[in-house]
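Structure, as structure tokens:
The values are calculated or read from the model by the stated rules, or taken from the named source; none is laboratory data. For clarity, every value in this text was computed on a predicted model and none was experimentally measured. Note: ideal-geometry Cβ built from the backbone for every residue, glycine included; neighbour counts use all protein chains shown.
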Amino acid sequence: VRRSKETGQAEVYDTRALDRARERFAMETALRRAVEAEQLTLHYQPICDLASGRIVAFEALARWTTEDGSDIPPADFIPVAEESGLIVPLGRWVIDRALRTLAEWDKRAGTPLDVQMGVNISPIQLQRDQIAPLVADALKTHGVTGDRLKLELTESALVTDPDGTAETLRALKATGATIAMDDFGTGYSNLAYLQKLPIDTLKIDRSFVTGMMADRDKIAIVRAVLSLASALGMATVAEGIESWAVSQTLSALGCTYGQGYHFSRPLPAEQAYALLEAPRG
Ligand code: C2E
Ligand code: MG
Ligand code: MG
Ligand code: MG
């Protein structure tokens with residue numbers, strides 16, 4: 001009896017694994033079509049100066065609505081894109097679209113706006129794509145100066161290929177672009193790279209910001225990151241600010257910039273542009 005039960009269970013697990021594999025393959029196929037047909041969109045979330053509330057940048061975030069109308073979060077489709085290699089064409093499209101949007105906003109404003117555009121770059125893109133010439137081309141195509149572009153990288157790129165990444169970052173810096181370390185504090189890299197690499201900004205991960213008012217440990221970590229950034233001459237952006245109190249506290253602790261639902265959710269281009277014109281209260 002026991003044996004047959006065990007066999008039965010094993011069969012159940014096999015079926016589930018197969019379902020998962022099928023689901024993943026279906027997603028990959030749909031994503032490939034969506035990338036080819038340029039069916040993805042970008043939303044833009046403002047990054048604000050905590051002291052004045054002024055918008056200093058936007059982060060471009062990929063959005064995918066499938067043909068049947070369901071929204072798939074980037075946390076689900078970016079890993080599929082990375083594993084399948086689709087992140088290379090997808091990532092190129094993101095750089096192009098984000099810079100095109102910035103150029104359109106400049107045109108509407110009649111002058112280059114004093115805002116940067118942040119773009120997330122996957123470690124796979126850094127390793128497999130000719131990212132620096134690509135960025136230089138995109139800047140040229142859209143008539144945007146390099147200092148307007150901020151590339152957000154995660155620590156995982158440094159863990160897998162530190163030497164290659166260092167070289168790529170130097171080439172990227174030569175385009176005038178600035179570099180932010182995204183989700184800082186969640187990776188596994190050592191701190192020595194911070195000193196060696198041309199990193200301009202640390203983005204403090206949302207996990208340290210959410211609930212920080214009631215958690216001394218989180219505040220201690222935030223303080224430590226802020227002091228490290230200050231000692232190394234880097235700017236700081238706190239992610240996931242959802243209330244005025246958190247915004248005020250971070251500002252008092254010495255954090256310069258912030259991003260989060262307290263300021264705005266990521267928005268379609270049109271609505272994001274409107275935020276630049278709206279009076280600040
Ligand atoms: P990320 O780069 O750390 O982006 C910030 C994420 O936090 C976004 O999630 C944003 O919507 C969310 N967020 C911002 N403020 C708040 C807040 O106050 N509360 C909460 N709960 N969340 C907030 P999103 O858009 O779902 O993106 C998730 C991740 O997917 C991004 O994390 C990034 O790693 C990746 N991603 C998104 N777009 C792209 C892309 O174009 N290329 C690559 N390579 N990765 C991307
Ligand atoms: Mg980011
Ligand atoms: Mg982040
Ligand atoms: Mg994050």
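If you filter the range 121-164 down to residues that are within 20 Å of residue 86 (Cα to Cα) and among the hydroxyl-bearing types (Ser, Thr, Tyr), you find that the one that is surrounded by the most Cβ atoms within 10 Å (Cβ to Cβ) is 122. Just to be sure I understand, how many residues within the range 104-123 are farther than 26 Å from residue 189 by Cβ and either within 16 Å of ligand 3 (Cβ to nearest atom) or within 20 Å of the chain's Cα centre (by Cα) (or both)? Here the count works out to 1. Residues in the range 108-118 that are among the β-branched types (Val, Ile, Thr) and crowded, with 22+ Cβ neighbours inside 10 Å: none.
Do we have any residue at all in the range 151-169 that's within 16 Å of residue 119 (Cβ to Cβ), touching a Lys or Arg at 6+ places or on another chain (Cβ under 8 Å) and within 16 Å of ligand 2 (Cβ to nearest atom)? It would help to see each step written out before you state the result.
Of the range 151-169, the ones within 16 Å of residue 119 (Cβ to Cβ) are 151-154, 157, 168-169.
Restricting the remaining residues to those that are touching a Lys or Arg at 6+ places or on another chain (Cβ under 8 Å) gives 152.
Still in the list and also within 16 Å of ligand 2 (Cβ to nearest atom): 152.
Yes; the residues of the range 151-169 include at least one that is within 16 Å of residue 119 (Cβ to Cβ), touching a Lys or Arg at 6+ places or on another chain (Cβ under 8 Å) and within 16 Å of ligand 2 (Cβ to nearest atom).
A search for C-beta distances below 6 Å between a residue of the range 106-122 that is on the phi < 0 side of the Ramachandran plot and free of Cβ contacts under 8 Å to residues at least 40 places away in the same chain and any residue that is among the acidic types (Asp, Glu) and more than 15 Å from ligand 3 (Cβ to nearest atom), counting only pairs 6+ apart in sequence or on different chains, returns 112/106. The set of residues in the range 253-281 being more than 25 Å from residue 236 (Cβ to Cβ), part of a loop (DSSP other than H, G, I, E, B) and touching a residue at least 40 places away in the same chain (Cβ under 8 Å) consists of 268 alone. Residues that are modelled with pLDDT of 95 or more, of a type in the set (Lys, Arg) and within 16 Å of ligand 4 (Cβ to nearest atom) occur in the range 140-151; there is at least one. Of all residues in the range 201-229, those that are under 18 Å from residue 180 (Cβ atoms) have Cβ atoms under 9 Å from Cβ atoms of residues that are of a type in the set (S, T, N, Q) and at pLDDT below 95, 6 or more apart or on another chain, in 205/186; 207/186; 208/186.
Output the number of residues of the range 83-96 satisfying the condition of being outside any helix (DSSP H, G or I) and either surrounded by fewer than 20 Cβ atoms within 10 Å (Cβ to Cβ) or touching a residue at least 60 places away in the same chain (Cβ under 8 Å) (or both). Lay out the reasoning, then the answer.
Going residue by residue through the range 83-96, those that are outside any helix (DSSP H, G or I) are 85-86.
Of the ones still in play, those that are also either surrounded by fewer than 20 Cβ atoms within 10 Å (Cβ to Cβ) or touching a residue at least 60 places away in the same chain (Cβ under 8 Å) (or both) are 85.
Of the residues in the range 83-96, 1 are outside any helix (DSSP H, G or I) and either surrounded by fewer than 20 Cβ atoms within 10 Å (Cβ to Cβ) or touching a residue at least 60 places away in the same chain (Cβ under 8 Å) (or both).
None of 169, 250, 228, 194 is part of a helix (DSSP H, G or I), surrounded by 13 or more Cβ atoms within 10 Å (Cβ to Cβ) and in contact with a Pro (Cβ under 6 Å, 6 or more places away or on another chain) except 169. Which members of the range 206-219 meet the condition of being within 16 Å of ligand 4 (Cβ to nearest atom) and either surrounded by fewer than 21 Cβ atoms within 10 Å (Cβ to Cβ) or more than 15 Å from residue 241 (Cβ to Cβ) (or both)? Correct list: 206, 207, 210, 211, 218. With respect to (1) under 18 Å from the mean Cα position of the chain (by Cα); (2) hydroxyl-bearing (Ser, Thr, Tyr); (3) more than 30 Å from residue 137 (Cα to Cα); (4) surrounded by 19 or more Cβ atoms within 10 Å (Cβ to Cβ), the lone exception for residue 201 is condition (3).
Let's see how each residue does on (1) within 16 Å of ligand 4 (Cβ to nearest atom); (2) of a type in the set (A, V, I, L, M); (3) not in a helix (DSSP H, G or I):
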residue	(1), (2), (3)
98	no, yes, no
111	no, no, yes
125	no, no, no
137	no, no, no
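Scanning the range 41-77 for residues that are closer than 24 Å to residue 274 by Cβ and part of a loop (DSSP other than H, G, I, E, B) gives 50, 51, 52, 53, 54.
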